[in-house]
Structure formats: C-alpha cells, structure tokens
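The values are calculated or read from the model by the stated rules, or taken from the named source; none is laboratory data. Note that the structure is predicted; figures quoted are calculated from it, not measured. FYI the Cβ positions are ideal-geometry reconstructions off the backbone, even for glycines, and counts take in every protein chain you see. Heads up: the accessible areas ignore ligands, DNA and RNA and are worked out on the full protein's heavy atoms, side chains in. Shrake-Rupley method; radii C 1.70, N 1.55, O 1.52, S 1.80 Å.
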Amino acid sequence: MAGAAAEERRLATVVESWLGRPVLVIGDAMLDEWRFAESDRLCREAPAPVLTLRRRISAAGGAANTAVNVAALGGRAVLVAPVGADVAGDELHDCLDRAGVWDRTVAQPGRHTPVKRRMLAGNQILLREDSGDPDDALDGDGVQRLLTALECATEELRAAAGGEAPTLVVCDYGLGALPAPVRAWLVAARDRYATIALDAHDLADWRGLAPTVVTPSFAEATRLLARAASRTDSHLHLDHPAADPADGPSELSVGTAPGAAGSPAVAAPAGAPGAGAPGATPPPAGVPLGPPTGGTGEPTPGEDRVAMTGDGLSVTGTGVTVSALAGAGVDRAVLAEARLAELRAHTGADVVAVTLDTEGAVVGGADGAPRRSHSTPVPASHAVGAGDAYLAAMTLALAAAAPLPTAAQLAQLAATITVSDTGTCVCRREDLLHALGARGDDAGHPVLVAPDELAAIVETQRGAGRSVVFTNGCFDVLHPGHVRYLEQARALGDLLVVAVNSDGSVRRLKGPDRPVNPVEDRVALLAALACVDHVVIFEEDSPADLIEVVRPDVYVKGGDYPPEMVPEAPLVRRLGGQVRTLGYVPDRSTSAIIDRIRAHGHGTVPGGPDQVDAHGRSAVPGEPEQVDAYGSTASTPGRPA
C-alpha cells in the first residue's frame, strides 16, 4: 500500500508541475449539443417514439474541447480556429469563456460553425444530426486572418510565459480549419514550439511536422499504414475513406468491411501475430479470409476483439477490417504494438499513442518498448470527447518533461475518470488529483498544491486554530539530515508547508549541473514524508512571494547563523511571524553526496574539507570527524543553506 501511495504522489507531482503551462490549440472547433428528452408513447403516423424535450446542453467539441480540457487540467489554453458568425458560434464563444480558454477564434462570415446535435431518451442516443459543410473551404482572406491569429497567439503565449516556448496541439478532423497554407506555416514554424501534439484523421497530411506525440485511433493508424504500403505496392488498391470526417477521435472505431476474396492487403511484419501464427489453420480453398461477404463497413456492435489476415491489414472505402486466419484471433492492442515502430517512422513522431476506445491505448517511444493502458467499457454516450481529455493530459505531461510511462498513465486516467456520465468529457485538475489520492490528511486538500491554492488552505487551517510552519529549499538529494530537519520543523506548529525551488531556480542558484533530480522527483519524496503537510513549487529565486501568501506563524531555515541573519527574517516579522534556525544544513551535504558518487565512478577520492566516506565521516587522513546531525562535514561553519 505504501508503494501505491508513493506512486500516486509521484504522478500527482507531474499534475502540479504543468500548472500554468502555455498551450496553443489550433484546429477544427465545433459545438456539441445534447438534447435530453422523455418518451412514453409511439406516434400514430409510424412506429416511432414521441419525444418531449426536457433539457438542452451545449459544450465545446473537437479542438475547442481539447482546449477546454487543457484549461481544466491547469494549463494556460489558447484556441485558434475558424468559427462561423452564427448562433452556434456565439454559444461556442460562451463555452470557451466559461472554461477560461483564451478565445482567439476567427469569425468566418458565411461559414457555419460545425455542430453535432444528439437526441437522447433515457440516456440512450437515438439520433445525431451534424451540420457544417466540411467542403466549405476558407477563402484567401479567411486563411490570412487565421495565420495572423496564429502568429499573434504564439507570441502572446510566449510573452505571458516569460519567453518560454509554448506547446502546440493540432486537431485536424477534416472540417477545413487547417488548409494547406496553415499546415505549411506550422511545419515552417516547428522550432517555435517546445512540444507538439498531433491528432489528425489523416496523418499523411502532416508529413514534415515532426510532432512530439501523435494520438491516432486504431482505424487512423491502420489507414496510415495501408497508405504507406500503397506507395510501394502497385497492386494495392486503396480508397481513402471519406465517410463521416467530422467524427472526433473518441468516436472512430474499426468497422466490418466487405470480405470478398482478394481484398487489398498490406503485408504483416515478420513475426507479427497472425503471420504464420503457431497453431493457425488455413481456411479451406475458396473461403475468404475476411469477415462474411456483405459487411457494411460500419462499426460492429459490441466488437471488442479484432484480428488480422495472414497478409496483414485490409482497407476499403467503407471501413477498416483486420480479420483472422481461421481461429487465430489477435487483440487490436497486440497488432498496434507490432506496428509502433512503423507508425513512428511514418509520422516522424517521438511518441505514438494508438487509442483503442474501450480497450485503452498502446503507447510507444524511442526506446521501442510498448506500454499498454486499460480503460473501463462504458456506454458510447459517456465517452464523447474522452479522446480530447486523453490528448490534453498526454500533451501537458510530455510538455512538463514527464517520463513517457508517467504521461501514458496520466492520459489514460484523465480519459477514464471523465466517462462517468452522458455528455462531452472534460477532466478537471481537481478530479485527476482526487483520483490519485493527493489529499491532505484531515483538511481534504492535496499534499501537492499550487501557489494560488495556498492562501485558501492556510486560511482554513487558521480558522481551525492551527499554526502554520513554512520552510523552503532545493532538496536536490534528499538525505536523513533533511528528514530530521523537517521533523523538527513540523514539531514547531500544526501544519508544515515546504516550498521547493523549480529546476530553473535551482540552476540559477547552484549552477548548470544542478539539480541532479528533476522537480517532480524531489517533490514526490517530500510529499511522501509523514511530517510534511503541503508541498508547493516556486519559480523565483526567493520564496518572498509565497511567504506573503502563507504569512507563516513560524519560518524555519537551516544554518548555524542567528535568525536575524536570515534574508527573509524582516518580511516574516513584518507579517507577524517568528524566525527559527535549526542546526547546520549547508549546501555541502548534497554536494558531498554528489562528490562521493563521482569519486566512486572515477576511482578517486576528492580533496578538500568536503571529503567524506560512505558513512558521512571525514575521509582525509588526520582530519577530525566533524559531522553534524545531517551527515555533513562541519569544518566550515557559516555557509548559507
């Protein structure tokens, strides 16, 4: 249980670390409309239910919902997209405003905002009406205004982030928001974005973008592989599917295509499942390898397993099918895992995440190791937009430099916890942290908090008569001295808040080779300590702004100098607090550990007073074993913490 709690806290630190991260979303924005009705009789004209409308809900969809999810998860989201000058466009603007998305959409007179209207009875979708013509291309003026908005939004985000390169998310669902000039601009401006996520129905249109991550559905990934094979196989006939281009990523699924013998196929990789699989029995002569003739190309109800032919994948103009050699069934996940390297090569992406709707996802990176995540099957009406939540969380995690397994876990969790009810899925940061168990012991607050949350937490604690202790530091290599120091600090009050320098702040204070451990690891270890109530990350070199927010009853520093020499002492006292120093905790303790590791690697013992052995004792012949309670040599007192 302790290991699971530590893992949850480690994941929660990543969620905290992406707070306020700048993200520009561009692509096909649409409006989702949900109409909830009741029916208690059939009409006389036909065996059809008579519906009485009870409730109507509008929500952002497509690229707009991805931006909403980025904002809800704690990122700073800006949306650039063409939107019609119509009622649906006005509703979409309202949705973005309510979600806190910076609305930089471009009005396109004469062009309708795409809308998906769903009619439900008893939470069952009875029909969906789509409006908005995907063939209604932007005119030259519309393209130019979109490029201008894109340029301005990029610079606006960079300025708001203090010069930091923003993250870019491209949502191309074939509705005409991303014509060739816009795609060319984005490819040319690739270096202006730190991280790029791409979700596109047709990934082949984005050759040259070199995205950080792509998130195709299984059908989209299959289609890309088939098109790539068609360029080298002159005998392959492939009709690019044009049906329902407005469907979002969470709604695409694999269909049952016509199974006539001789249907087009793509060769399976050597050793791939289904390619001469052990125990597979070839079908009798004349029996087709695909599904029964007469398939419609529409998704098969309840289909949860798909296999592949002996030759690989077959693709038709009405759907994608992967069928089996007599009885040799293969999961879509297994097939996706076998093709991750090819998908990375064809897309130029560092990471490929093939989403499998109710079956989770398969993710692969440069290390070649596939990672599988799982989901819980839910009604289709619960999963609309879940792919947007997945994309937003994956993007934020990778932008925050989280390891790929961590990013995959958080993305799947974000998608999974949003599908509990009917409607367009949005994952809130608070819900994600709650799912990770990042909650305070008694107060109901997470251990890991954002700076803007501290004031409310502290006010609540003081209202309950509790005193607040505050300390700060880099905590680069956590050691027993730090633990004892924090335990002593916690004993001075009822609530201990620990502020941790960000990676950039540590580099400015300690040098370019520090920190040794990234902030998400440093914070995870601190949050796992029983004596620590709340941990917060700060970007500045000084914690003065946080001290103003917390107004601590006791401010604690480590060192052998008197409290009046603490730089923050005047501020703390002005705010009504007291300053305490605990023992001697110089920078040298961490430095000594690093030096010892380096010396061990080179087979030498470093010189000077920082020489310590594996037990923290002086390693210099004749030197006294002067060590403090923190395992640091104490021969040079007075060095600041």
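Note down the magnitude of the dipole of segment 173-234 about its Cα centre, charges +1 on Lys and Arg C-beta and -1 on Asp and Glu C-beta and zero elsewhere, to the nearest 20 debye. Walk me through the numbers on the way to the answer.
Numbers: 7 positive and 6 negative charges, 30 e Å.
Using only the charged Cβ atoms, the result is roughly 140 debye.
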Val187 versus Ala160, label points 7 Å from Cα toward the beta carbon: distance in nm?
2.9
Rounded to the nearest 10 Å², the accessible area of His479 using a 1.4 Å probe with every protein chain kept is 20
Could you work out what % of the accessible surface of segment 480-535 is carbon and sulfur, using a 1.4 angstrom probe and leaving DNA, RNA and ligands out of the count?
53
Taking the Cα centre of segment 70-130 as origin and charging only Cβ (+1 Lys, Arg; -1 Asp, Glu), how large is the dipole, in debye to the nearest 20?
220
Rounded to the nearest 0.05, what FRET efficiency is calculated for Ala180 and Asp421 with R0 set to 35 Å and r the Cβ-Cβ distance?
0.30
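Kindly state, as a whole number, the per residue volume in cubic angstrom of the convex hull around the alpha carbon atoms of segment 462-583. Walk me through the numbers on the way to the answer.
Details: hull volume 12.5 nm³, N = 122.
Once divided by residue count, the hull of segment 462-583 is 103 Å³.
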Check which residues have an amide H placed less than 5 Å from Gly75's amide H, if you skip close sequence neighbours.
Gly20
Potential lengthening between Ala528 and Glu430 on full extension [0.36 nm per residue; Cα-Cα distance subtracted]:
33.3 nm
Test of understanding: express the Cα radius of gyration of segment 82-136 as a ratio to 2.2 N^0.38 Å, with N the residue count.
1.32
Inter-site label distance for Ser542 and Ala345 at 7 Å from Cα along Cβ, in nm
5.7
Among Ala72, Ala107, Leu31 the positive-end extreme of the charge dipole of segment 1-155 (Cβ point charges)
Ala72
Would you please put 133-142, 334-343, 209-218, 91-100 in order of how densely packed they are, using the mean number of other Cβ atoms within 10 angstrom per residue and starting with the highest?
209-218, 334-343, 91-100, 133-142
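Highest first, please rank the peptides 465-474, 49-58, 165-174 by the mean number of other Cβ atoms sitting within 10 Å of their residues. Please report the intermediate quantities before stating the final value.
Working: 465-474: 20.4, 49-58: 12.8, 165-174: 25.0.
Ranking the peptides 465-474, 49-58, 165-174 by packing returns 165-174, 465-474, 49-58.
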All alpha-carbon distances of segment 1-154, grouped into 5 Å bins from 0, give the whole-percent distribution 2, 9, 15, 15, 14, 11, 10, 9, 7, 4, 3, 1, 0
Working from the pairwise distances between different alpha carbons, so that the mean of 1/r is found and then inverted, what is segment 68-221's Kirkwood radius in Å?
16.9
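Sorted by packing (mean other beta-carbon atoms within 10 Å per residue), highest first, where do 65-76, 26-37 land?
Details: 65-76: 28.9, 26-37: 23.9.
So the order, starting with the most tightly packed, is 65-76, 26-37.
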Label point distance in nm, Ser39-Ala210, each placed 7 Å from Cα along Cα→Cβ
5.4
